[in-house]
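Okay, structure first, notes after.
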Amino acid sequence: MSPAGNARFCLVLAAIMWSSGSLFMRLLREPTGMGWNDPLLTPIQITFFRGLFGGLALLTLVRRGDLYFRPMMAVMVLTFTLMSVLYLSALGLGPAANAILLQNTAPIWVYLFTVLVLGESADRRGWQSVILGGLGAVVIVAGNWPRDLPPDEQRSQVLILLMGVACGIVYAAVVLFLRHLKHYSSAWLIVLNLVGTAVTLAIFVLISEGPAAFWHWVTQPTPEQLVIFVLYGVLQMAIPYWLFARGLRSVSPQEAGIITLIEPLLNPLWAYLITPEKDAPTVPMLIGGGFILTALVWRYVAPSRPIVSAKMSTSDR
């Protein structure tokens, strides 16, 4: 296989492995008959263990010379922690497609920020993508807005939708941090984010609930659940990031972005296969998701000419 062919294979495999996130969440939180949802763990607990095991696994790829720390990295870790909690909460509490597709609006938010705030050059294709992606998000949120439900349940469903939207925005901030810190080892940055997420959540629980509650919190999972967490961290986080980094050696970021759109297409499918009653696709999901995925393809499938001059110089996307 040629280097480019090998790179594309790595990217496809990475996207498939990334898409297993909804599978692990459903195994841990839904009654599948295997008993892995007992005791029922919170999304914050799942975020903690996934980050811990995924980060430790990825640490094996970090060389001593990669170990640098800058103050901005701490802010990046806090942002990544918030993004992870929002995403896994939306994924665990509501239909998988909503969380996944709304998170994938992140490139739209990145584009808006770099053009409107950083003053980078804009192009017609980019603005068309923003409109398509924004329309898709509106369709998903409006189409899944709860109606004819008790007030408490209605507020809960609205909160889940808003967490999905917020996840896309915060994820965009993570992308911008990674872009600004691109001269450092990508493996090291991901390790910082994953392990830093676990440490941040551990400190939060210790301070807010006390040592006794924290001890119960970290010892509550069963041995079977801990095995799932190891697989979750290694198969869904560590290995895919390694494959993605390898793929980028021979394939452009634009092509990599198109190939990895496999992930938001497959992710809801795995959830549906386990819990079809919860994850059955709705018309707004399909229409809104179609708009979002079309926007991403339209943005990166071909270069377009700038129509607005950049106001200041920044690093490449």
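The values are calculated or read from the model by the stated rules, or taken from the named source; none is laboratory data. Small disclaimer: the values here were computed from a predicted structure and weren't measured. Cβ: placed from backbone, ideal geometry, glycine included. Neighbour counts: every protein chain shown. What goes into the accessible areas is simple: the full protein's heavy atoms, side chains included, and nothing from ligands, DNA or RNA. Shrake-Rupley method; radii C 1.70, N 1.55, O 1.52, S 1.80 Å.
Just a few scattered comments:
- Based on C-alpha pairs under 8 angstrom that are at least 6 apart in sequence, the range 36-177 has a relative contact order of 37 percent.
- Net charge of neighbours whose Cβ lies under 13 Å from the Cβ of VAL12, counting Lys and Arg as +1 and Asp and Glu as -1: 0
- Built amide H within the under 5 Å cut-off of ASP123, gap 5+: ILE307
- Gain on full stretching of the segment that runs from ILE274 to THR60 - 0.36 nm per residue minus C-alpha separation: 73.8 nm
- Taking each DSSP H run with n ≥ 4 as -39500 (n - 2.57) and averaging over every residue of the chain yields -23500 deg cm²/dmol at 222 nm.
- Probe 1.4 Å, protein heavy atoms only - accessible area per residue of the chain in square angstrom: 48 Å²
- Seen from ASP279, the other residues with C-beta closer than 15 Å to its C-beta sum to a net charge of +1, counting Lys and Arg as +1 and Asp and Glu as -1.
- Cα-based shape type of the range 172-257, given that a ≥ b ≥ c are square roots of the gyration tensor eigenvalues and the cut on a/c is 1.5: oblate
- Sum of side-chain charges, VAL158 neighbourhood, beta-carbon under 14 Å (Lys, Arg +1; Asp, Glu -1): -1
- Sequentially through the range 16-30, phi angles give Karplus couplings (6.51, -1.76, 1.60; θ = phi - 60°) of 5, 5, 4, 5, 6, x, 5, 4, 5, 5, 5, 5, 8, 10, 10 Hz, Gly and Pro residues having no value and appearing as x.
- Computed P(r) (all Cα pairs; the chain; 10 Å bins; percent): 6, 24, 36, 25, 8, 1
- Of all accessible heavy-atom area on the chain, the percent that carbon and sulfur account for (1.4 Å): 69 percent
- Computed over the alpha-carbon pairs of the range 115-192, the distance histogram in 10 Å steps reads 14, 31, 29, 20, 6, 0 percent, short to long.
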